Amino acid sequence: GLSFLTDADVSNHLTKDELALHCRRRTRGEGTTTQLLEELLLGLIGNGGNDSLGVHLFDRERMEHILRFQRKRIKCIQDMPESFHLHLNRFTPGTSANSVNVHIYLLEGLHRRKMVPEFCPPSRYTGELIGMQYLLQQTGQALQDMHPDSEEIAQLIEEHEDVMEEDEGFSDIRDDPTVLDLGVLHTAPVNINTEDEKAFFNYTRLPRGLYDEVLRRVEGRIEKKDTWYRKSLPPGLKLSITLRHLACGDNYPSLSYNFRVAPNTISLIINEVCDAIKAEFAAEVIQCPTTTEEWTAIAEQFEKRWQFPHCCGALDGKHVAVTCPWNTGSEYRNYKGFFSIVLMALVDADYKFLWIDVGSDGSSNDASIYNGSELKEGLESPNNIFNLPEEKSLPGDDVPVPYYIVVGDNAFGINKSLMNPFLIRNMEHHDRIFNYRLSRARRVVENAFGILAHNCT
């Protein structure tokens with residue numbers, strides 16, 4: 001009789017290629033696979049499906065709907081009597097197979113059934129016929145060699161596009177209540193009710209109406225198109241992040257937890273939105289007068305409200321605290337002992353900014369910043385490019401007095417365009433009265449800085 005081969009003998013006589021061709025792993029079976037999927041679903045629906053903040057990441061009804069619909073497909077991925085899955089990658093049209101190969105494999109099968117004896121089979125059987133048999137069992141149709149530009153292909157594509165596929169549970173996630181709507185402000189952990197104007201203003205430092213106007217005007221500048229890779233962030237979310245950062249000075253990691261946006265993305269968003277706001281509102285909000293009539297109207301305001309005639313604005317600087325820029329040493333350290341940049345501004349009698357210069361390092365004094373600005377160039381221009389009013393006598397006097405800018409520091413120097421206070425030493429009574437009037441006029445720029453700081457703290 002024949003002697004039975006041991007497992008060791010079989011392993012010695014079989015190569016890895018032969019094992020890969022004729023042997024395969026078996027799946028767990030339809031019942032076990034279904035049970036494992038149900039156990040996984042139960043785990044995800046429970047506490048195991050929550051993030052670190054306790055927020056549910058999965059919708060129970062949606063997940064159950066997906067499993068219920070896809071349950072009928074579980075049987076299709078189990079082991080079939082034929083070894084189809086073993087040869088799937090080599091058979092699937094579009095990878096290594098083509099119409100010529102398919103015809104050869106079909107002839108090979110017919111030859112094995114003694115139906116085409118004159119056919120010369122391939123030197124090595126690869127098993128693609130099993131895949132052909134599987135597809136024939138599933139569809140009942142044999143493959144046809146069709147030209148890709150033929151009318152039949154175009155008709156099949158058109159019919160396929162007209163067929164509405166049944167929802168398999170993967171509908172648009174925008175209707176999912178568990179997915180955050182990034183276009184509204186309630187992405188933040190604080191629930192800002194639009195009807196609570198006080199809470200909304202406290203969070204964004206803008207009234208609701210002004211917030212909507214700003215968003216409407218900068219939306220076109222900060223909106224990006226969706227791509228196949230990811231959806232763009234809505235303009236409302238970008239504006240909310242920027243306003244919150246400007247309002248309270250939160251760092252990027254803190255904002256990333258509040259709005260669920262990566263810190264590196266926030267660093268780009270804030271610069272983008274600030275540039276958009278500047279480009280949209282700069283010419284409208286901060287307008288330096290350019291005509292004689294506009295300068296005269298400002299001077300009349302100062303005389304009426306602060307009893308200081310011929311004044312065309314109050315000038316001063318404010319240190320804005322910043323983190324020390326990299327590799328700058330003490331360049332940005334000011335005389336108050338912290339790192340800052342200087343905001344120099346010209347303000348009218350109604351606390352409205354007429355001109356600003358921002359960005360100078362904190363170690364610079366106001367006089368040096370003013371000397372390098374275009375404001376000085378315009379005020380002291382021999383051609384009067386700012387169109388300041390001509391010299392005019394004060395009420396009750398016949399001596400012509402020029403129009404000027406009020407400053408509160410003698411370091412600026414004395415000239416016709418700047419008005420400085422008298423020195424404290426050896427002042428007489430009328431000098432004190434003048435300094436008092438000048439201080440009242442200069443105080444508007446200090447108040448303007450205070451209003452600005454109050455809205456951003």
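From the P(r) of segment 235-299, could you give the percentage of C-alpha pairs in the tail past 20 Å? When all Cα pairs of segment 235-299 are counted, 42 percent exceed 20 Å. In terms of its C-alpha gyration tensor, segment 221-361 has an oblate overall shape, because the principal axis ratio a/c (a ≥ b ≥ c, square roots of the eigenvalues) is not below 1.5 and a/b does not outweigh b/c. In terms of the Cα gyration tensor, with a ≥ b ≥ c the square roots of its eigenvalues, is segment 380-457 rounded because a/c is under 1.5, prolate because a/b exceeds b/c, or oblate? The shape class here is oblate. A straight chain from Ser439 to Cys274 at 0.36 nm per residue would run longer than the Cα-Cα distance by 56.0 nm. So which GluC sites (Glu not before Pro) in segment 202-276 are both in a DSSP loop and have at most 16 other Cβ atoms within 10 Å of their Cβ? Those satisfying the criteria are Glu223. With a Förster radius of 51 Å applied to the beta-carbon distance between Thr33 and Ser267, the computed FRET efficiency rounds to 0.65. Net length available on complete extension from Glu380 to Arg208 is 57.6 nm, with 0.36 nm assigned per residue and the Cα-Cα distance removed.
Find which of Cys312, Thr291, Phe338 sits farthest along the positive direction of the dipole of segment 201-345, computed with +1 on the beta-carbon of Lys and Arg, -1 on that of Asp and Glu, about the Cα centre. The listed residue farthest towards the positive side: Phe338. Nearest 0.05, what FRET efficiency do Gln287 and Glu64 give at R0 = 60 Å with Cβ-Cβ as r? The computed FRET efficiency comes out at 0.45. All distinct Cα pairs of segment 265-319 go into the 1/r average, and the inverse of that average, the Kirkwood radius, is 14.0 Å.
A simple spin-label model places the labels of Asp9 and His430 13.2 nm from each other, with each point 7 Å out along Cα-to-Cβ.
If you take the Cα Rg of segment 297-407 and divide it by 2.2 N^0.38 Å, with N the number of residues, what do you get?
1.30
None of the figures in this text is laboratory data; all of them are computed from the coordinates on show. Everything numeric here is computed off the predicted structure, so don't read it as measured data. Cβ atoms come from the backbone with ideal geometry, glycine included; neighbour counts cover every protein chain shown.
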